[in-house]
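Data block below; observations after.
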Number of protein chains: 2
Amino acid sequence: MRFFCPPVILSEASVAGRKEGEGPLGDRFDLVEPDAYFGAKTWESGESAMLRRCLAHLLAKAELDARQLDYLLSGDLQNQCAGAAYAVRGVPAPYFGLYGACSKMAEAIGLASVLIDGGFAERCAAMTGSHFCTAERQYRFPLEYGGVRAPTAQWTVTGAGALLLCREGRGPRVTDFTAGIVADLGVKDMANMGAAMAPAAYQTLRAHFDAVRAPEDYDLILTGDLGHIGHAIVADLFERDGVHLGDRYDDCGRRVFDRERQDVHAGGSGAGCSAIVLAGDVLKRLRAGELRRVLLAATGALMSPVSAMQGESIPAICHAVTIEGEGVS
Amino acid sequence: MRFFCPPVILSEASVAGRKEGEGPLGDRFDLVEPDAYFGAKTWESGESAMLRRCLAHLLAKAELDARQLDYLLSGDLQNQCAGAAYAVRGVPAPYFGLYGACSKMAEAIGLASVLIDGGFAERCAAMTGSHFCTAERQYRFPLEYGGVRAPTAQWTVTGAGALLLCREGRGPRVTDFTAGIVADLGVKDMANMGAAMAPAAYQTLRAHFDAVRAPEDYDLILTGDLGHIGHAIVADLFERDGVHLGDRYDDCGRRVFDRERQDVHAGGSGAGCSAIVLAGDVLKRLRAGELRRVLLAATGALMSPVSAMQGESIPAICHAVTIEGEGVS
């Protein structure tokens, strides 16, 4: 989808956990919260508090009241997307719940842009996040169990990102949206999400490069949360096609943590991973003119712990949005 | 949202389980499958098989290949919406995963209409479903436990419904979409979903009647799956406003089962409930001219079993779409 009047990202907000705050992008986030409970009694309601804080910060930055939002699009990784549902309880804006696992940031930005460019809304907020502690006990083991992590495992980011998209104003713009098709090449290893999601990323990027714009037209091509392993697979798949992505291709899961210093194995993951890298760092660099055109290709693994235990392989999806700095073409 | 060029529902498909097939609408469904596994090894993959069969039937009726779909919007009640994700694996259409619990049929129809009326798509499929056996063990107890159900409990529908929405063609049209705001009046009883969701239904209907069209303008106003209790609450809330909804107001959860004969307590529920009542019965009656204008206000409870166990109340949402028969203003 090419947007006729590309929606403007008027402002963005990012909230990160302690470990993310200690990472290479630590000083880029709006808020860093050392308390994993975000002041709540449980990790799950802490995740909701984190999302609420992120939305409040977004609205405060834009000097807007939630009533001025035409639509709010969100979702998270908790079962039944409860993290987002409880976060938006009491927020007087029509709500669209989305589920695309960790691809949600791009799905939400894309659909918010559709609502605006299609003439249905003036202002939409797109928000998502994830929380290490809730994800770990839901998808893997109780944290108290202290299980040893596989070398291919990624570390779920504790963080939330939100964007305010508007029909008018100044700032970076969402120019197009490439929605993904579910891909599943048979990977069954729940501890190797990068490999499971890489085919979806390759498929969406391939379709985008063939139909919309070439890799050279981007300053930065950023997959969602493939981490070090998935990033290497995608780079390799393109090399086989004779396409050298080189340094302009990176992954949010590689950027959010310092692999040597932070013991995160294959990198960061989670819906919050692309959300905070985008809202905390990339958009600021687009605003500063350090980047001119970025392709965010957020990736999501669509299995459930039940489907994995039943022996199913892992379907994945990747949605991509192009974001251009002000004044670019 | 009012649609400038209301999308046409070119065809619809419905697949129901045995109990639904024995209910009052049994002979209205396209397919009734007596095997709760739908030929698969587990209930979860059976639910995916049911959704796949529903989509295949939809495409066969319309003589379309999945490649001709611009977008496919779906989601279900399984954790991580895995039922839908595995159903659409291998389907070569860009996929938007949604989560709105049992409000999903209206959310999917509404967003598909946005994509079409906004000029982003020619053809979209909107599909959802639910399965008694997967929902019961995920949300409540293992079926083998044989727990006694509360009188206020509803029976999750095993069924799937899918609609093909197009920019052009003949058939009923989606004329407007009222997206809901999350409502939570503090109900904590997981065995009384009707009461938990009734405030959301009231809120969305109230907003719709105030801003778009009066109740008298509808032949049928159909909430999603409030069942007998939630339906009575909504009717009562409107009576207090001096609005008598009367016989034109009913609920999908009241229509899908025979309360006396089928031992379903407070009625049907689940994302499949509004999906099969709409696709199996209401759309056929709109095509036949028996109904001229219908408001489908699908309702969803956004809690998770974890949030309920943590003592949280149940947030709910209701999205409403107006569907008019061909030739109605």
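Taken together, the values in this text are just the output of simple stated rules run on the coordinates, not laboratory data. Being a predicted model, the structure only gives us computed values, none of them experimental. Because the Cβ atoms are built from the backbone with ideal geometry, glycine has one as well, and the counts that use them run over all protein chains shown.
Things to note:
- A DSSP coil position with no more than 13 other Cβ atoms inside 10 Å describes the following GluC sites (Glu not before Pro) in segment A:15-89: A:E63.
- Mean separation of Cα contacts under 8 Å (6+ apart) over length of segment B:60-168, as relative contact order %: 29 percent
- With K and R counted +1 and D and E -1, the other residues having a Cβ less than 13 Å from that of A:S11 yield a net charge of +2.
- Take every Cα pair under 8 Å whose residues are at least 6 apart in sequence, average their separation, divide by the length of segment A:241-329, and the relative contact order is 23 percent.
- With 20 Å bins from 0: P(r) over chain A, alpha-carbon pairs, percent: 37, 59, 4
- Theoretical ellipticity at 222 nm over chain A - DSSP helices of four or more residues, -39500 (n - 2.57) apiece, nearest 500: -9500 deg cm²/dmol
- The string of couplings for segment A:64-79 from the Karplus curve (6.51, -1.76, 1.60, θ = phi - 60°) is 10, 9, 4, 4, 8, 7, 6, 8, 10, 10, 7, x, 8, 9, 5, 3 Hz, one whole number per residue in order, with x for Gly and Pro.
- Label point distance in nm, A:Y145-B:A60, each placed 7 Å from Cα along Cα→Cβ: 4.2 nm
- Shown here for segment B:186-233: trypsin sites (Lys or Arg not before Pro) in loop regions (DSSP other than H, G, I, E, B) with at most 16 other Cβ atoms within 10 Å, namely B:K188, B:R213.
- Across B:K61/B:K104; A:K19/A:K104; A:K19/B:K104; A:K19/A:K41; B:K19/B:K61, pairs whose alpha-carbon gap is larger than 27 Å: A:K19/B:K104
- Sorted from nearest, the other copies put their B:E290 label points 6.5 nm away, the label point being 7 Å from Cα in the direction of Cβ.
- Chain A residue with Cβ closest to the axis mapping A onto B, distance in whole Å: A:G118, 1
- Shortest-first distances to equivalent copies, position A:E168, nm, label 7 Å out along Cβ: 3.5
- Among A:67-75, A:23-31, the peptide with the highest mean count of other Cβ atoms within 10 Å heads the list, and the full ranking is A:67-75, A:23-31.
- Taking segment B:1-76 and dividing mean pair separation by its residue count, relative contact order in percent (alpha carbons under 8 Å, at least six apart): 25 percent
- Local electrostatic count at A:G253 - Lys and Arg +1, Asp and Glu -1, tallied over other residues with Cβ under 13 Å: -2
- The alpha-carbon atoms of segment B:8-166, seen along their principal axes, cover 51, 29, 29 angstrom, with the largest extent given first.
- Of all aspartates and glutamates in the structure, the ones whose alpha carbon falls short of 14 Å from that of B:K284, not counting any fewer than 8 places away in one chain, are B:E12, B:D27, B:D30, B:E324, B:E326.
- Antiparallel bridges, percent of DSSP beta bridges restricted to chain A (to nearest 5): 65 percent
- The GluC sites (Glu not before Pro) of segment A:248-328 that DSSP puts in a loop, and whose beta carbon has at most 15 other beta carbons within 10 Å, are A:E290, A:E326.
- In this assembly of identical copies, the label point of B:R2 (Cα plus 7 Å along Cα-to-Cβ) is separated from its counterparts by 3.1 nm, sorted shortest first.
- DSSP finds beta bridges in segment A:8-166, and of those with both partners inside it, around 65 percent are antiparallel.
- Two-site label geometry, A:H244 and A:D35: point separation in nm, points 7 Å out along Cα→Cβ: 5.2 nm
- Where only alpha carbons of the protein assembly as shown are counted, the Rg and the Dmax (Å): 23.0, 70
- Per-residue 3J(HN,Hα) values for segment A:220-237, derived from phi via the Karplus relation 6.51 cos²θ - 1.76 cosθ + 1.60 with θ = phi - 60°, read 8, 10, 10, 6, x, 8, 7, x, 5, 6, x, 4, 5, 5, 5, 4, 5, 4 Hz in sequence order (x marks Gly and Pro).
- Of all DSSP beta bridges in segment A:173-324, antiparallel share, percent nearest 5: 70 percent
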